[in-house]
Amino acid sequence: MKTNKGHVAFVGAGPGDIGLITQKGLECLSKADVVLYDRLANPRLLRYTKNHCEFVYCGKLPNNHIMRQEKINESLIYYALKGKYVVRLKGGDPSVFGRVGEEAEAVAKQAIPFEIVPGITASIAASAYAGIPVTHRECSNSFTIRTGHFCENNHKLNYDKNTGDTIAYYMGVKGLGTICQELIEQGKSKETKAAVIQWGTLGKQKVVEGTLATIVSLVEKENITNPALTIVGDVVNLRSSIAWFEKLPFYQKRIIIAKSSAGESQLEKYFSDNGAEVFAFPALKKVDRVLHPTEIEAIKEKERLIFFAPESMEVFFSQFYQHGYDLRDLPKQIEYVSEKTKKALAEKRIRGQQAIFQQKDACIIGPSAVESSNQYAPKNIFIISHEIKIDFRFDEMNRRLLSEDQWQTVIFPNKSAIDYFLKEWERFSADNPTKLMFAYIGESVKEYAMEKGFHLIDEAVQQALETKDWKVE
């Protein structure tokens, strides 16, 4: 019996910041039927997959292996032999302490086609975000990468005097004392500069500086744990003059963006680009509805056509054209509810106007959640374009991100986002969500949030929202 072998792509997810994954890595994710991902691969990258892609968490914690290496190898083979396009998503670069050699060997033995897509490795990226270039013409002409964990066969290979001017240790917090002592015994001065970078390139990044003699006590004092990277060498001195990430306005601010749509959150991107640790929640997906020919015909007969959202426009126009109609068949008056929809209409060269629901003889096209309110009948007819549903595939990601980080603020772009947020928060956390500070877009949203029990406004975040004039998401 001939087996329809699939394909395995070993993809480097980069060091944490999702903007640092490669274009080829994103292309692989967009084709994936199954993604096996590690703890250090930013789970937000799973959003770039297809709606029906399967997620398998292979995360590992010290002394708590979620999935053993042998099981990971078996899973890659299992899915590939079912004809699936499999992405093995690994933090950083898969070839740098990512065990890609072992996994690729296992796949190769089964004659399964595969590829290795490099990623930006943590030592280079985290150091850069901390203001520490790993090389510098005046103080570091070479660079050595080492693991902070050793197995019996490679321990002796890691400690010799032929090291670079700069040394990077991956996951070396537990053995940091041993690392520093052995470097000193090999001839390094006790005053050699060292820095430990936790959660590099993310908004929760934390950096501790010291020397080989002091760094261990400083790390203990600041309660630094893995994932962390240790940099040893004179290049650490450059941090005082070129550290840039920590100067961003929302550095180390921890913000949740409440969502009511399935699209990408521009708020999440904005605050992340400005140094915050940001999480758009909950995970939602759009399920399009097939319009009946009689509904499309009814739309033609109306004087006014109101679009509730850009997603409603996409659903309508794709099916409208499929039935052989064009722009000349649209009602004379096209209206929109939000500024985002106005912009989407303009991109189609349609000049709309603000919707007035009190007027009669209109067809309103929008999501099922809006139709259920029944506030527009009987003056007008409502046609459902799509449904917004909870994407349960992201439950593992939501559970981890809500529990691992101490969130400070939630941003509410609209009233629906408040409802989605509160309902889903209850599934993942026993904490009272109204203890969070909040920010909002629009006075009616503020009032609704306060009705639900939120009371403390994050003035800095609120000012940013008002200064930039955000539109409802």
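The values are calculated or read from the model by the stated rules, or taken from the named source; none is laboratory data. Owing to the predicted nature of the structure, the values given are computational and were not obtained by experimental measurement. Neighbour counts are summed over all protein chains in view; Cβ atoms, including those assigned to glycine, are modelled from backbone coordinates with ideal geometry.
When residues of region 195-231 are filtered for being of a type in the set (Gly, Ala, Ser) and surrounded by fewer than 17 Cβ atoms within 10 Å (Cβ to Cβ), how many remain?
Residues in region 195-231 being of a type in the set (Gly, Ala, Ser) and surrounded by fewer than 17 Cβ atoms within 10 Å (Cβ to Cβ): 2 in total.
For region 420-443: of the residues being modelled with pLDDT under 95 and among the small types (Gly, Ala, Ser), which is nearest to VAL278 (Cα to Cα)?
Residue satisfying both the conditions and the ranking: SER429.
Would you list the strands (runs of 3 or more DSSP E) that sit entirely within region 264-328 and hold 2 or more residues that are among the charged types (D, E, K, R)?
284-288
Sort out which residues of region 142-157 are more than 15 Å from VAL236 (Cβ to Cβ) and either modelled with pLDDT under 90 or of a type in the set (Ser, Thr, Tyr) (or both), and write them in order of number.
Selection gives SER142, THR147, GLY148, HIS149, PHE150, CYS151, GLU152, ASN153, ASN154, HIS155, LYS156, LEU157.
If I ask for residues that are out of contact with any helix residue (DSSP H, G or I) (no Cβ under 7 Å at 6 or more places or on another chain) and among the aliphatic types (A, V, I, L, M), which ones from region 65-79 would you list?
ILE66, MET67 - these are the residues of region 65-79 that are out of contact with any helix residue (DSSP H, G or I) (no Cβ under 7 Å at 6 or more places or on another chain) and among the aliphatic types (A, V, I, L, M).
Return the only residue of GLU115, GLU27, GLU70 being over 21 Å from the mean Cα position of the chain (by Cα) and assigned to a helix (DSSP H, G or I).
GLU70
Specify which of the listed residues (SER385, SER416, SER403) is surrounded by fewer than 17 Cβ atoms within 10 Å (Cβ to Cβ) and either in contact with a His (Cβ under 7 Å, 6 or more places away or on another chain) or small (Gly, Ala, Ser) (or both).
SER403
Return the pairs, sorted by first residue and then second, in which the second residue is of a type in the set (Val, Ile, Thr), the first residue lies in region 230-252 and is farther than 25 Å from LYS190 by Cβ, the beta carbons are less than 8 Å apart, and the residues are 6+ apart or on different chains.
PHE245/THR201; GLU246/VAL207; PHE250/VAL461
How many of the residues in region 232-261 are touching a Phe, Trp or Tyr at 6+ places or on another chain (Cβ under 8 Å) and crowded, with 24+ Cβ neighbours inside 10 Å?
Here the count works out to 6.
Could you check region 99-127 and list, in sequence order, the residues that are closer than 17 Å to LEU29 by Cβ and not hydrophobic (A, V, I, L, M, F, W, C)?
Hits for region 99-127 are GLU115, PRO118, GLY119.
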